[in-house]
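The structure appears below as structure tokens.
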Amino acid sequence: QVQLVESGGGLVQAGGSLRLSCTASGSIFRLNAMAWYRQAPGKQRELVATITSGGNTNYADSVKGRFTISRDNAKNMVYVQMNSLKPEDTAVYYCNANIRETGSIFSRNYWGQGTQVTVSS
């Protein structure tokens, strides 16, 4: 069984910073691409940033230059450093990872439970 657990959300003023962390645990054979998504009230879940196992990154236009995604493969963790936060960044942030479990020949996507980020104006 594989689990993703996020941490680091909270309330911050506009212009502030937060760092979210996500730990993957369980019977992991291979941890492939990892990503952060977010979902604001009344809106669809959207991709924020992705990072491959080799460290290549991609960002949504709305967060480029403000957010930085990184990972620690030894710890099975992914992070997102969020700077210059805006009220429109308020959302539940979800960790996503493509994982091949031990004993399986297939990889599939897993989701964390989400962590709330609220940016006040």
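The values are calculated or read from the model by the stated rules, or taken from the named source; none is laboratory data. Please read all numbers here as calculations on a predicted model, not as lab measurements. All Cβ positions, glycine included, derive from the backbone under ideal geometry; neighbour counts span all protein chains shown. To get the accessible areas, we keep the full protein, side chains included, count just its heavy atoms, and leave off ligands, DNA and RNA. Shrake-Rupley method; radii C 1.70, N 1.55, O 1.52, S 1.80 Å.
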Exclusive hit being in a strand (DSSP E or B) and either basic (Lys, Arg) or more than 11 Å from the chain's Cα centre (by Cα) (or both), set 47, 31: 31
Failed item in (1) closer than 18 Å to residue 9 by Cβ; (2) more than 10 Å from the chain's Cα centre (by Cα); (3) hydroxyl-bearing (Ser, Thr, Tyr), with residue 70 passing the rest: (2)
Segment 73-87 - residue that is in contact with a Ser or Thr (Cβ under 8 Å, 6 or more places away or on another chain) and not in a strand (DSSP E or B) and, of those, least open to solvent (accessible area, probe 1.4 Å): 85
Number of the exception - residue 84 against (1) within 22 Å of residue 1 (Cβ to Cβ); (2) in contact with a Lys or Arg (Cβ under 6 Å, 6 or more places away or on another chain): (1)
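Restricting to segment 107-118, and then to whatever is under 15 Å from residue 89 (Cβ atoms) and assigned to a strand (DSSP E or B), can you tell me which residue is most open to solvent (accessible area, probe 1.4 Å)? Steps first, answer last, please.
So in segment 107-118, the residues under 15 Å from residue 89 (Cβ atoms) come out as 114-118.
From the residues that got through so far, the ones that are assigned to a strand (DSSP E or B) too are 115-118.
Details: 115: 19, 116: 89, 117: 0, 118: 48 Å².
Ranking the qualifying residues of segment 107-118, first place goes to 116.
Considering segment 46-67 alone, what residues qualify as being aliphatic (A, V, I, L, M) and either open to solvent by 50 Å² or more (accessible area, probe 1.4 Å) or in contact with a Gly (Cβ under 6 Å, 6 or more places away or on another chain) (or both)? First the steps, then the outcome.
Step one: filter segment 46-67 for residues aliphatic (A, V, I, L, M), giving 47-49, 51, 60, 63.
Residue satisfying the conditions is 47 alone.
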Criterion (in contact (Cβ under 8 Å) with a residue 12 or more places away in the chain and either surrounded by 13 or more Cβ atoms within 10 Å (Cβ to Cβ) or within 22 Å of residue 58 (Cβ to Cβ) (or both)) met by exactly one of 121, 70, 104: 70
For residue 43: the one exception among (1) surrounded by 14 or more Cβ atoms within 10 Å (Cβ to Cβ); (2) among the charged types (D, E, K, R); (3) farther than 16 Å from residue 111 by Cα: (1)
